[in-house]
Amino acid sequence: MNVLKFGGTSVGSAENINKVISVLDKYAKEDRLICVVSAVGGITDRLLKAGNFAQAKNENYISEFDAIKQIHSSILLELIPSKNEVILKQLEAKLQLLRSLLDGIFLINELSPKTSDKLVSFGELLSSYIITETMKSRGMEALRKNSQELIVTNSNFTKADVVYEQTNTNIKTYFEQATQRITIMPGFISKSLTGEITTLGRGGSDFTAAIAAAALKVNRLEIWTDVSGMFTANPKLVKQAYPIESLSYQEAMELSHFGAKVLYPPTVQPVLKLNIPIHIKNTQHPEAAGTTISNDAGKSTSPVKGISNINNVALLTLQGNGMVGIPGFSKRLFETLAQERINVIFITQASSEHSICFGIDDKDGVLAKAAIDFTFENEISLNKIDPIIMESQLSIIALVGDRMKSHQGISGKMFSTLGKNNINIRAIAQGASERNISAVIAEKDVKKALNTLHERFFETETKQLNVFITGVGNVGQKLVAQIAQQKSYLKEHLKTRMKVVGLSNSRTMVFDETGLDLKNWKDQLANGETASLEGFLDRAKDFNLRNSIFVDVTANDAIPKLYPAYLKQNIAVVACNKIACSSDFENYRELKDLSRKYNAPYLFETNVGAGLPVIDTLNNLIASGDRITSIQAVLSGSLNFVFNHFDDSTKFHDVVKQAQKEGYTEPDPRIDLSGVDVARKILILARESGTKMNLEDIENDAFLTKNNLESDSVDAFYETLIEDEAHFQKLYASAKANDSQLKYVAEFNEGKAKVGLKEIPRGHPFYNLEGKDNIVMFYSLRYPEQPMIIKGAGAGADVTASGLFADIIRAGNR
Ligand code: ADP
Ligand code: ASP
Ligand code: MG
């Protein structure tokens, strides 16, 4: 004999029922079988909804009933198209009984647990009827046996306890005399000792099948559902989750108890004692291996087998000085909860005995608090203990695995992973068996927590970075192109999956949690929603994805004001925008502090020398114990371009125009030519070297004339360049006379910085600096005479984009 159970989705449509029948047909050729079926998917919920409407005197119960009727009739008509009047009439009659029950609830305005069980029993009664009749109509040797005649329970309506002795006898006796090849049994429903309809709890059809399997001591129990086994985590929340090949009974129980809905927790009990293996199979993919649950948990090397979660948890804390050392508090506490039939999911008590903290279903929270406050009324009035504290909208996440106990450091890994992602842990519990470590966190963090933990314990191979880019001008476009191009390289060589989740320019923004398609991002962005800086932040916050990175590829001065908000959400900030780093020192300091506090990297390598690794090198020198004594640098690609092209055969005005045209200057060339841009850069290097400094502290030896500096628009500025050509020619002539090159140099020396135009003599490392190149010389304790030199292209969209790219990778390695 084989026992197979098919869940709600498996019997949720005519098409799926046909798949079920084809599985049964194959099995029936080998042996007799029992097929336990759930209600058609979603029907139990709809029955309860109709009942609640009726109870509330809301006539919407009728339309809910009509929908239920329609669903069943159309499934039947599709399965048996030949319009078998007898079967249709029978179905009508059953639905009529349901309608009368709902009318009754409406009339008396009451829905007791007893009536509720009667109501929901229609779900399984109807589905089992339709399936049996379909099979019979196709000539299969099938018969329906109502489980209520076999499974006996107490009168705990909505979640009754099985009376095993009687139940087992009933099942054995019935099947000893039954001769049919296939027996269809409705799951979930049962009858009390006093003859009332009861149910085994939501999801209880799995349990029905286990009860039958154990009573008949069959060789295996199969649970057929809509996923290919028990997964490493809920596949609806963790895309990378995969089916677990084998689990021990205890592991399966822990995972299901902590929320892996694919198996109703009590299911394991009856089969465990008899060592009957459970196979979880997928009705849509019968060929998939699925999961085997047995005593032989396989030779899995992973100590952690799965991660599960329960939402809608309330955490209650009973505390007070009067609790210390006095026995009996916990007994009274848990007795109170038992009296109210409140299930406790989680308990933890500190060794000080000063407080007990426990988790229950959110919906029981108010009742629990009232009942406990009542039980301890006296102690509360004497200030021995405090009124109970309740927090809701929490979730429990649990790591499960038999072999966790023989592996050190798993909880350390679990908590550091959560901590790094800024997920606050409210309470922790570890069973004495060490098969389970669970933590209570905010419900809003569940998806992020599951995904980070999954990545940490099951995907050591890959890491996902979720990128939000604002600004898709020259540099931003190149960055997106580089991300698209490097996708497979990153996956293969760095084990990194980089997804662009959000993209924005000043007009529109688009998002896709699964990663935007980078082939046609321009169209998507053009059709996106209206952009707003706060809106972009809010969306990044709401996605709440692990390893989130915000990339600012603008020169906008409003965006840096939002960096603190990003960092506080544990979202890394990567910026080529220099404004924040060169703003007031206190602001720079705050960003650095927030970055440390929230473990969210704040990286701005491209602020100095575009893609050259200037800041990273500086940081590495300092981190390894070196101290910077002096920095000499040519940091403006644009000024270098200008002075490399300017001589007595050109006009200064024309050279600046050309530099702007080729994209080497800021949109406003005055920022470059006045030296402000270079001053910002040396300021950032000085600060990164550990000096507290502001932009005003930097001596700026301007080479522009007063006339140039006082111009009030870009056009007027260009005019003044023409007017003052003689001044620039004089600068050139002097340098030429001294066999020197003009270079705009930034210097930092023992706490002081200055910028200005210099005549660089032949032989100096700066003399031959070409095109738009930058050069930085670091003098330090370790490099006192021969400086460390970094030199190369210091401007241009491509190199800046690659600098941003490198920062994104660095941010991902947090
Ligand atoms: P059925 O109606 O067949 O009994 P359920 O809806 O009760 O199916 O259970 C299957 C569902 O359980 C899956 O579709 C999935 O959403 C959910 N689930 C939650 N956690 C897990 C997990 N760890 N592995 C597999 N499924 C899970
Ligand atoms: N139909 C019931 C429910 O939805 C039982 C089950 O599907 O296992 O809870
Ligand atoms: Mg189920």
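A few remarks follow.
- Mean projection area, nm², convex hull over Cα of the chain: 45.5
- Relative contact order of the range 306-458, taken over Cα pairs closer than 8 Å and 6 or more residues apart, is 30 percent.
- Whole-number percent relative contact order across the chain, with pairs defined as alpha carbons under 8 Å at least 6 apart: 8
- Taking a ≥ b ≥ c as the square roots of the Cα gyration tensor eigenvalues, the range 375-513 comes out oblate, since a/c reaches at least 1.5 and a/b does not exceed b/c.
- Full extension of the segment from residue 377 to residue 627, taken as 0.36 nm per residue of separation minus the current Cα-Cα distance, would add 83.5 nm.
- The radius of gyration of the Cα set in the range 614-794, together with its Dmax, comes out at 16.6, 52 angstrom.
- For the range 524-547 versus the range 161-233, the gap between their alpha-carbon centres in whole angstrom: 49
- Formal net charge of residues neighbouring residue 752 (Cβ-Cβ distance under 10 Å; K, R +1; D, E -1): -3
- Between residue 650 and residue 788, the C-beta separation translates, for a Förster distance of 45 Å, into a calculated FRET efficiency of about 0.80.
- Residues whose amide H lies under 5 Å from that of residue 40, counting only those 5 or more places away or on a different chain, are 127; hydrogens are built 1.01 Å from N in the peptide plane.
- Cα gyration tensor shape for the range 2-226, rounded if a/c is under 1.5, else prolate or oblate: oblate
- Separation of the range 579-633 and the range 753-792, taken as the distance between their Cα centroids, equals 20 angstrom.
- Hydrodynamic analysis of the range 383-456 uses the Kirkwood radius over alpha carbon pairs. Inserted into Stokes-Einstein at 37 °C and 0.692 mPa s, it gives a translational diffusion coefficient of 245 µm²/s.
- Neighbourhood charge, 14 Å Cβ-Cβ cut-off, centred on residue 475 and excluding it, Lys, Arg +1 and Asp, Glu -1: -3
- Computed packing ranks the peptides 290-296, 61-67 as 290-296, 61-67, most packed first, by mean other Cβ atoms within 10 Å.
- The range 317-347 and the range 387-411 have their alpha-carbon centroids 20 Å apart.
- Computed [θ] at 222 nm, helices only, for the chain once each DSSP H run of length n ≥ 4 contributes -39500 (n - 2.57): -13000 deg cm²/dmol
- Within the shell defined by Cβ-Cβ distances under 12 Å, the residues around residue 370 carry a net charge of -3, with Lys and Arg each +1 and Asp and Glu each -1.
- 32 Å Cα-Cα threshold exceeded, pairs from 331/541; 172/363; 83/172; 519/597; 541/661; 261/420: 331/541; 172/363; 83/172; 519/597; 541/661
- Summarising the amide proton neighbourhood of residue 426: residues at separation of 5 or more, or on other chains, whose placed amide H is nearer than 5 Å comprise 440, 441.
- Per-selection Kirkwood Rh - the range 44-106 (Cα, Å, 1 d.p.): 12.2
Read the figures in this text as sums done on the coordinates, not as results from a lab. These numbers were taken from a predicted model, which means no experiment stands behind them. Cβ atoms come from the backbone with ideal geometry, glycine included; neighbour counts cover every protein chain shown.
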